[in-house]
Amino acid sequence: MTGSSRFVLWILVIVAMTAAAAGCIFEPRDPAPPSTISVQYLPKTSPSNVWANLEKSLANTHAFGWEDDITPDGTTFTYIPDTAADEQFPGVFASWDRAKEISFINKLYDSEVTITAQMRNDEFIPPDPTGTEVIWEGVVYDLTVTSKIDGSATRYRGRAIITFRLEGNFWYIAKWEDQFGEGNPDNPEQILPTMGVLRGTFGSK
Amino acid sequence: MTVSRSRKTAPTALAQGVILGVLVLCAGAAWTTGVWAQDTAPADSMTTAEADSTASAAADSVGASSSLAGLAAAAQAAGAAGTAGSTTTTTAGPFLKDFKNQPKAGVKASVRQYSYYGEDVTTLTFREGNFSNTSQWSWEDYRKQEKTTEKRSDKFTYGAGKMFPFILNMTGNWDWSNDLTTNTAGFTNQSKRENKNGTLSASRTKFRTGALINSLKADFQISDQKSVNQNQRNDFSEASLSGGYQAGFEIAEGVSLAGRLYGKTTSGDRYLGNSSSPSSASADSAGFGVYYDRGLGNGRFAVTRSNFDRKYLDFKKNSNGLIDTLGLADQDKVVQELETKDAVSLEFENTFQLRRMQLKVKLGRDTNEQDYRVSGIGLKKRQQDKMDLNWSFGVGSDSLAFSYKYMWKWDDQRIKGATAFRGRQYNKSRDFDMTWLRPLIGGTRMTFKYHEGLSQDIAEHVYNQNDKDRLLTDVSLRLDREWKGKFKTAMIFSYKQAQDISIRESRSSNNNVKDSYEISPSYLYYVAPWLTWDQSYQVFIQYTDYTFSELESVNRDDNYNKRGNLSTKVTIKPTPRLDIVVQHDYNKRFNATRVTTDATGQSFYHKDQNQTISKIDLGITFRVAKGVTLQGATYQTEDTKNIFGVRDRTTITRSGQVWVGTKVNKKWGRDNPLELSAMVKKYNAYGPAVNETSADYWEADVWLKWEF
């Protein structure tokens, strides 16, 4: 057997050992069978479905649903806050990427909250998806985060520009730019914070 | 060692006297402020930024491993080189050696906004030291919303050069901004801010006293901010003084010890909303490390401890740290907060190198406790353990690298008013990576990669329902071959599996396994020096299987998505001044849902949708003359979608864009050059996703700069 053949053999042995060890080290836990009706996510075959999935993820505080809608690993996700949020959390948004977005949503959902959300205002008409990139300008989202611990409720309502990108066969959110906080429908003079404030609060923890 | 020092001229001595006077006065004032802050223990106010800077200052000294390492390296270098004292030299010449001005003005346009800006940079170079001042102004008008922003700033820096036996720097900043944003309901919010700050810092690095190599640093800073946002005032006026000392010495050949102490105190006043209060903060840290570089290995062990406390005005916050002022009277919305934090960090690193084999081990632990007197957050405890193992080696023409990363962290919280902690939130992750590079026959190279990663979220005492695991497996094989710069080929085989597993019964209905397969051959053919042909083909399929799809309560159907993509790119350079690029992408996609599985386990799918996207691009660049380029590009896309259901439906959408533009870079004069840079492009677009602002717009960046 030549030195090169021996080397290849060693590689195969190492790979086999790793695969065997992986069975122990990389063994996920057994899940409990579902007791409730499943969260009905829509296939990500259009930007509208992707945006609607965010609402389902929020309502069920189900992190996979949110993570699955953000551009996958190896691609770029950008979040740009509105001026008010940026000034409230200086430096927090400088390099906001997919990892930070996922960390934010997990921290939010893990913090014992219930969320009600309407991610799209009735007046907004989404453009037909075509090509590989679609931009939604001026979509207004509205969500209320209620703490299960102290019962306090905070409402977030903002206007945003959302860029969807086709990666592989599916649409994902590639860029989220908050423009400004919208007025409170119950008290229009009160300007509500955007999700930038929510991201800043949990992103800086 | 000889120290040369030239005779000082009167202006130099005068300048030195003035600066020394300022330094002494500032140091005295700073000392007074610090003492006052400690003696009177005033309530304290800080903005988040200020608080962060205090925290980072402490963290700075805590995370001083690299700094300590530098000092340890200096100790070892000094040990090798013998005595190394600090020397001060002064060169002769005129007091003012150079005076330079660089005014610049420009305009920018894009689909998002129009900007106008101006800048002036003034630089004075003295025989000793230098001074620089930058003044800036900008105005931005947003196209897609009612928003304007004006910004003005001025920044100066002064460095005393080698005038003193220590390094002396002064900086000053003034920032002013005014942002007016009108929302859909017609209400305009003004966000206006004016911030002034000045810093005086003195340092002396790596000087020897006996066996010790020392570094000293002291900073004095004053800050003043006035701002308003959403009709809420947020002002502060503060001064801070900080100092640090590091020392290291070599205990044996290649082994050094190093230590560091750091402290900072801040005091002032803060206004938030309708409330005002004194503010204060203090931070300190200590670090110690052993560093070695002997024989086959090198590494370090370092431990650091830091803490801070700060008093400031803040809005009332709930247990999640969210502002919670709903229904409160104005006087109850703002509270006097006291925040404290203690942190400890341990780090060990060792690198072992033997010929082509390297083994690197890194271990670390970070712990901290953060407590709020008023905020609903209460007390938070955190701990993080990390281990990185990297092993790489080469045998013959092969090279191999393995890495294993393990991270285990938790945080716990005792919410304000609670008698017990809520339970730990754990995050654990493990990642294994392997890369194998091997040359095969001829000019063929093989790259094999394998990755296995498991991340887990676990809530102790099930205080939330979000326990979940994610297991990722990636395997890829890439083959590259090159025929003497004429022809290149590549082939990629890839398999990925992602398992998303929610553990709790209330979340597990969407658990799924995604398997993805990809084959992607490509080639690049240099047909002639002026013609290149580049083509790639990609076949991709992803199956999604829902773990509990067989249960009646889980209304999820397994599915697959398939894609084929053929991309062709031709680059033509008919003359040295003209480049033409033509590209065509043909994309075919299918989505299908599993309908049934027969007794043999064979699955049958119903095709839900197929889609064909065809896109052609053309780009032209023509260099008209030196510094002048004409550019243009266009694309057309046709997207045909067939949706199969109770009633089949076909939609065809078309979109496209064309832009033409020019780029000019021109410089006139040598001694006092005038420089022009201009990039102007005109865009026109159509299609269902194109709106009024993106259908017809200019993109430009034009500026003029003069130096004298």
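The values are calculated or read from the model by the stated rules, or taken from the named source; none is laboratory data. Source: prediction; values computed, not measured. Note that we place each Cβ from the backbone using ideal geometry, even for glycine, and neighbour counts take in every protein chain shown.
Tabulated data
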| quantity | calculated |
| --- | --- |
| Strands (runs of 3 or more DSSP E) within the range B:449-536 that include 2 or more residues facing chain A (nearest Cβ under 8 Å) | B:468-483, B:487-502 |
| Residues being surrounded by 18 or more Cβ atoms within 10 Å (Cβ to Cβ) and either more than 26 Å from A:T83 (Cβ to Cβ) or more than 20 Å from the chain's Cα centre (by Cα) (or both) - total across the range A:128-148 | 4 |
| Number of the exception - B:L578 against (1) in contact with an Asp or Glu (Cβ under 8 Å, 6 or more places away or on another chain); (2) over 27 Å from A:G168 (Cβ atoms); (3) of a type in the set (A, V, I, L, M, F, W, C) | (1) |
| The range B:365-396: number of residues that are within 14 Å of chain A (Cβ to nearest Cβ) and buried (at least 18 other Cβ atoms within 10 Å of the Cβ) | 9 |
| Given (1) in contact (Cβ under 8 Å) with a residue 12 or more places away in the chain; (2) farther than 28 Å from B:I323 by Cβ, index of the condition B:Q232 fails | (2) |
| A:T154, sole failed condition from (1) under 21 Å from A:S103 (Cα atoms); (2) of a type in the set (S, T, N, Q); (3) more than 9 Å from chain B (Cβ to nearest Cβ) | (3) |
| Close pairs (9 angstrom Cβ cut-off, 6 or more residues apart or separate chains): at positive phi in the range B:458-481, surrounded by fewer than 17 Cβ atoms within 10 Å (Cβ to Cβ) and outside any strand (DSSP E or B) anywhere | B:H461/B:G423; B:V462/B:G423 |
| Enumeration of residues in the range A:71-84 that are at the interface with another protein chain (Cβ under 10 Å from one of its Cβ atoms) and crowded, with 20+ Cβ neighbours inside 10 Å | A:D82, A:T83, A:A84 |
| Matching residues in the range B:329-374 - criterion: being of a type in the set (A, V, I, L, M) and touching a residue at least 12 places away in the same chain (Cβ under 8 Å) | B:V334, B:V335, B:L338, B:A343, B:V344, B:L346, B:L354, B:M357, B:L359, B:V361, B:L363, B:V374 |
| In the range A:135-165, residue nearest to B:E146 (Cα to Cα) [restricted to those that are in contact with a helix residue (DSSP H, G or I) (Cβ under 9 Å, 6 or more places away or on another chain) and aliphatic (A, V, I, L, M)] | A:A160 |
| Residue match in the range A:121-129 (condition: within 11 Å of another protein chain (Cβ to nearest Cβ), in a strand (DSSP E or B), closer than 28 Å to A:S46 by Cα and of a type outside the set (D, E, K, R)) | no |
| Criterion (at pLDDT below 90, closer than 24 Å to B:T568 by Cβ and in contact with a strand residue (DSSP E or B) (Cβ under 6 Å, 6 or more places away or on another chain)) met by exactly one of B:I652, B:I643, B:I616 | B:I652 |
| Verdict on B:G632 being of a type in the set (G, A, S), over 20 Å from B:N565 (Cα atoms) and in a strand (DSSP E or B) | yes |
| Scan of the range B:635-669 for residues that are among the β-branched types (V, I, T) and either touching a residue at least 40 places away in the same chain (Cβ under 8 Å) or within 14 Å of chain A (Cβ to nearest Cβ) (or both), ordered by number | B:T637, B:T640, B:I643, B:T650, B:T651, B:I652, B:T653 |
| Hey, A:S204 more than 7 Å from chain B (Cβ to nearest Cβ) and either in contact with a helix residue (DSSP H, G or I) (Cβ under 9 Å, 6 or more places away or on another chain) or in contact (Cβ under 8 Å) with a residue 60 or more places away in the chain (or both) or not | yes |
| Any chance B:D332 is surrounded by fewer than 21 Cβ atoms within 10 Å (Cβ to Cβ) and outside any strand (DSSP E or B) | yes |
| Single condition B:E552 does not satisfy, out of (1) free of Cβ contacts under 8 Å to residues at least 12 places away in the same chain; (2) not in a loop (DSSP other than H, G, I, E, B) | (2) |
| Count - residues of the range A:33-83 that are touching a residue at least 60 places away in the same chain (Cβ under 8 Å) and small (G, A, S) | 3 |
| Residues located in the range A:157-192, provided they are hydrophobic (A, V, I, L, M, F, W, C) and within 11 Å of another protein chain (Cβ to nearest Cβ) | A:A160, A:I161, A:F164, A:L166, A:F170, A:F180, A:I191, A:L192 |
| Flag for B:A302 being over 18 Å from A:S204 (Cα atoms) and within 27 Å of the chain's Cα centre (by Cα) | yes |
| Qualifying residue in the range B:346-356 (condition: buried (at least 21 other Cβ atoms within 10 Å of the Cβ) and within 14 Å of chain A (Cβ to nearest Cβ)) | no |
| Which listed residue is part of a strand (DSSP E or B) and under 19 Å from A:S57 (Cβ atoms), from A:I135, A:I115 | A:I115 |
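Okay, residues lined up against (1) of a type in the set (S, T, Y); (2) over 23 Å from B:M679 (Cα atoms); (3) more than 14 Å from chain A (Cβ to nearest Cβ); (4) surrounded by 16 or more Cβ atoms within 10 Å (Cβ to Cβ):
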residue	(1), (2), (3), (4)
B:N561	no, yes, no, yes
B:T571	yes, yes, yes, yes
B:R577	no, no, yes, no
B:F590	no, yes, no, yes
B:A599	no, yes, yes, no
B:Q602	no, yes, yes, no
B:L618	no, no, yes, no
B:V624	no, no, yes, no
